[in-house]
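Visitor: Mind looking over this structure? Questions follow.
The values are calculated or read from the model by the stated rules, or taken from the named source; none is laboratory data. All figures in this text were calculated on a predicted structure; none of them were measured in a lab. So basically every Cβ, Gly included, is an ideal-geometry build from the backbone, and we count neighbours across all protein chains shown.
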Amino acid sequence: MNTAASDPANGEFEPKIVAYVCNWCTYLGADLAGTNRLEYPANVRIIRLPCTGRIDFNLIVKAFEIGADAVLVSGCHPGDCHYTSGNYHARRRWMLFRELLATLGIETERVHFTWISAAEGKKFQQLISEITSTTRDLGPYHAYREICETCEV
Amino acid sequence: MARIGVFTCWCGENIARNVDVQSVAEQAAQLPGVRCSQTHKYMCSDPGQKLIRDTIAAERLDGVVIASCSPHMHLKTFRKAAEHADLNPYLVEMANVREQCSWVHSQRSRATAKAVDLIRVAVAKVRHNRALEPIQVPVTRKVLVVGGGVAGIQAALDIADSGVPVVLVEREPSIGGKMAGLSETFPTLDCSQCILTPRMVEVAQHPNITLHTCSEVEQVEGYVGNFRVTIRKQARYIDVDKCTGCGQCWNACPSKKTPSEFDYGLGKRTAIYTPFPQAVPARPVIDRDACLRLTKGRCGICVKKCQADAIRFDDQDELVSEDIGAIIVATGYQLYEIGKPDGQGRVTGYGEYGYGRYPDVISSLQFERLVSASGPTGGEIRRPSDGAVPKTVVFISCVGSRDNAKGLSYCSKICCMVNAKHTMLYKHKVHDGQAHVFYMDIRAGGKNYDEFVRRAIEQDGAHYHRGRVSKITQEDGRLIVRGVDTLAGEPLTIAADLVVLAAAMRPATGVEDLAQKVNVGYDEFGFLCESHPKLRPVETNAAGVFVCGACHGPKDIPESVTQASAAAAKVLLMFSRDRLYREPEIAHVQESACAGCFACRRSCPYHAIDPAEIRDRQGQLVRRVARVNPGLCMGCGTCVALCVSKSVDLEGFSEEQVYAMVESLR
């Protein structure tokens, strides 16, 4: 784990958060947080995708595999999808996948699914602050990494 | 790909204040595949772009990452710059180190570290980018306009005048829509038909317009630039080429009892009829449900009277096919159904106003016909029950509009102006009459609109009461209107001779059907959805389909006309080149791996995936696979996530690219 979020200068645990966001709502919401200079913790790494419908849930597992302590999936509000219905597919997939994750023993409180519109810069700021703080409380996701290491052996 | 250039922008102080740009550039230079790493005070400026162009040429770069602002701000700028240096624009990616880094993180060390990460992700992606070319789609330069009201007429004429052929489809026997039935229009009180009928005639005579009345869109196939539309022309029972429109037939027709649709039931019409004298086309139609010959096999007087031999009782519905490049939907509105019987002896939606029970409670469109010189009373205001001139008229606003209990939360926008107009028209014709208006708010935004309402109140003496009406009853031939004046703070009862309800605007019946045929979304009320409420107000999410007029939301005539011209302009813009150029970042199927389950096809919001048949040399069907139509795909990638065999991928956000991005954060 050589990336910066988990490599703090002060020795305190800094969670690494991977965010998969859609290009039209949440990405612009994050841009708006910037335009309004709304400060939030620097722990999140956004991966921009066209739509939440594009998010294959293997990507969530992949994020944990590369050392994420929490994953965020965020797109347009229901009814606001730039592509009409991609977010509904994402939501349906998420409902099923969350149970599957729980069955597999993955800590589902580390996976977050939200809607943030292009107008909700404030909400983006609050959400990232909240996720960072709850993940900080949960601590590093050692359990998953141990499984990964075992598998590699 | 291994010759990547990273260009980090200072954005003056915007990025450099919280991010150590120099250190970022040095670290970026160490990333795998990076050939060179440069910084500039303002990368988007001319000298900044020149630096990019020169470096691409000098270092023979095959990939570029710009670390600066949001890609929504400048991705196009930088892709263009790359193109000028002969680098395929799709080999350029951005790292958003301003909006999503320097502007939101004040701790310099952490912001700097995050900036490096964001560049790391972008570099990882660009290593897997492929050179892409815009998709070219041929265009049929012909437009379908659905709906022949004022919006459809405006759009059709604008397009036809520019030399592009138009097919105009109208469900009713005549074009003209709701506007043709209006008496005068606000805020100028100019006669509606005087403005509209010359435009209708222009449509009929235009060499570039093919008009189909009594017709509906049956089927729409294909995609932007290449639609194939089937139109159902209902049997008219008249040979329109032979008919001269002389009127002998309808003057002689013995079946005279059908309520006139054009007069909203206030007048009667014959079975063979033109909806109104200025109808376009000026040819009659036979109502197959009212005609004695068609229902009972008797009569046939019209045949005897017709000297042109134009009556065709054996006429059949006809299907017409047209190749179309773009579609404009302008299907307009209808009024909210007031006091609709629910089939169980009860009435939904303002049963307390007695609409349908008391003949003298009418809708605002019916009042238009009462005032109109071409209406059933010849322009004299006479109430339906006994033909008396009403001395007291009550106008009620917001019947249906802004009423959550009726399921319509929106403001119908035109009613305040309509009421003001009606009080004026009434007072101009019945000088000693009293006009009362019950309103919730007066919403008269628009050029000369508020002045118009003030005129109704101050010059023409309309009485405005802020409040709702709770009940209308009938006593001794008069209507007792019980309401409240909330400004006076007291209940108010008015004995009226006529009550006019300003019912809400709703989309025309059947619009959902049409929307599904052309693949356009609609809201909970049935109004069609535009692509973007501000920046793409006449486009829809279905490429090549445009909207205008009241099918998109409540609108008055000026707005409908404005939007219609806007839609026409967008269509002409689309037709300004021989081919359409579309973003190449779309899905494609690796057919050798496709199992043909078609989960992708079911999930696609644009119906962009069709089954394709793979056949061997003998022409035997080997299997069916999914194939993406590049003319329709918008690149959302929903199919990619659903594909079990991983045989669909999305250019620009391929599996390889996305996984590489995540992997880079390890």
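Visitor: Can you find, within region B:644-663, the residue that is modelled with the lowest pLDDT among those that are more than 33 Å from the chain's Cα centre (by Cα) and closer than 16 Å to B:C604 by Cβ?
Guide: In this case the residue turns out to be B:V644.
Visitor: Which of the residues belonging to region B:142-165 are part of a loop (DSSP other than H, G, I, E, B) and surrounded by 19 or more Cβ atoms within 10 Å (Cβ to Cβ)?
Guide: Answer for region B:142-165, where residues must be part of a loop (DSSP other than H, G, I, E, B) and surrounded by 19 or more Cβ atoms within 10 Å (Cβ to Cβ): B:K142, B:G147, B:G148, B:G149.
Visitor: Can you tell me how many residues in region B:564-610 are closer than 26 Å to B:R130 by Cβ and in a helix (DSSP H, G or I)?
Guide: So the answer is 4.
Visitor: Test A:R145 against the stated conditions and say whether it is among the basic types (K, R), part of a strand (DSSP E or B) and closer than 22 Å to B:L665 by Cβ.
Guide: no
Visitor: Evaluate the following for A:G11: is it more than 10 Å from chain B (Cβ to nearest Cβ), in a loop (DSSP other than H, G, I, E, B) and more than 17 Å from the chain's Cα centre (by Cα)?
Guide: Yes, satisfied.
Yes/no matrix, rows are residues, columns are (1) closer than 23 Å to A:I47 by Cβ; (2) at pLDDT 95 or above; (3) part of a strand (DSSP E or B):
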{"site": "B:V19", "(1), (2), (3)": "yes, yes, no"}
{"site": "B:E26", "(1), (2), (3)": "no, yes, no"}
{"site": "B:Q38", "(1), (2), (3)": "no, yes, yes"}
{"site": "B:Y42", "(1), (2), (3)": "no, yes, no"}
{"site": "B:V64", "(1), (2), (3)": "yes, yes, yes"}
{"site": "B:A67", "(1), (2), (3)": "yes, yes, yes"}
{"site": "B:A82", "(1), (2), (3)": "yes, yes, no"}
{"site": "B:L87", "(1), (2), (3)": "no, yes, no"}
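Visitor: Among the residues of region B:634-657, what is the count of those that are more than 14 Å from A:G53 (Cα to Cα) and within 11 Å of another protein chain (Cβ to nearest Cβ)? Full working, then the answer.
Guide: Our first condition is that a residue be more than 14 Å from A:G53 (Cα to Cα); within region B:634-657, this holds for B:644-647, B:651-652, B:656-657.
Now drop any that are not within 11 Å of another protein chain (Cβ to nearest Cβ), which leaves B:644, B:646, B:651-652, B:657.
The qualifying residues number 5.
Visitor: Find the strands (runs of 3 or more DSSP E) located wholly in region B:423-508 whose residues include 3 or more that are modelled with pLDDT of 95 or more and surrounded by fewer than 19 Cβ atoms within 10 Å (Cβ to Cβ), and list them.
Guide: Strands (runs of 3 or more DSSP E) meeting the threshold: B:469-475, B:478-485, B:490-496.
Visitor: Which condition number does B:L168 fail, the rest of (1) without any contact (Cβ under 8 Å) to a residue 24 or more places away in the chain; (2) not in a helix (DSSP H, G or I) being met?
Guide: (1)
Visitor: Additional query: So which residues in region A:38-62 are more than 8 Å from chain B (Cβ to nearest Cβ) and surrounded by 24 or more Cβ atoms within 10 Å (Cβ to Cβ), if there are any at all?
Guide: A:N43, A:V44, A:T52, A:I60
Visitor: Related question: Determine whether region A:63-73 contains at least one residue that is at the interface with another protein chain (Cβ under 7 Å from one of its Cβ atoms), in contact with a Ser or Thr (Cβ under 7 Å, 6 or more places away or on another chain) and farther than 26 Å from B:C11 by Cα.
Guide: Scanning region A:63-73, I find at least one residue that is at the interface with another protein chain (Cβ under 7 Å from one of its Cβ atoms), in contact with a Ser or Thr (Cβ under 7 Å, 6 or more places away or on another chain) and farther than 26 Å from B:C11 by Cα, so the answer is yes.
Visitor: Also, quick follow-up: Return the pairs, sorted by first residue and then second, in which the second residue is charged (D, E, K, R), the first residue lies in region B:114-128 and is within 7 Å of chain A (Cβ to nearest Cβ), the beta carbons are less than 6 Å apart, and the residues are 6+ apart or on different chains.
Guide: Listed pairs, sorted by first residue: B:D117/A:R45.
Visitor: Within region B:535-560, which residues are more than 25 Å from B:T140 (Cα to Cα) and at pLDDT 95 or above?
Guide: If the condition is that a residue be more than 25 Å from B:T140 (Cα to Cα) and at pLDDT 95 or above, then B:A550, B:C551, B:H552, B:G553, B:P554, B:K555, B:D556, B:I557, B:P558, B:E559, B:S560 are the ones that fit.
Visitor: Collect the residues in region B:600-627 that are β-branched (V, I, T) and more than 14 Å from chain A (Cβ to nearest Cβ), keeping them in residue-number order. Walk me through how you get there before you give the answer.
Guide: Pass one, region B:600-627, residues β-branched (V, I, T): B:609, B:614, B:622, B:625.
Once the filter is applied, which keeps residues that are β-branched (V, I, T) and more than 14 Å from chain A (Cβ to nearest Cβ), region B:600-627 yields B:I614, B:V622, B:V625.
Visitor: Further question on the same structure: Of all residues in region B:95-106 being in contact (Cβ under 8 Å) with a residue 60 or more places away in the chain and outside any helix (DSSP H, G or I), which is farthest from the other protein chains (Cβ to nearest Cβ)? Reasoning before the result, please.
Guide: Keep residues of region B:95-106 that are in contact (Cβ under 8 Å) with a residue 60 or more places away in the chain, which gives B:97-98, B:101-103, B:105-106.
Restricting the remaining residues to those that are outside any helix (DSSP H, G or I) gives B:97, B:103, B:105-106.
Values: B:V97: 10, B:W103: 4, B:H105: 4, B:S106: 6 Å.
Taking the candidates together, the pick is B:V97.
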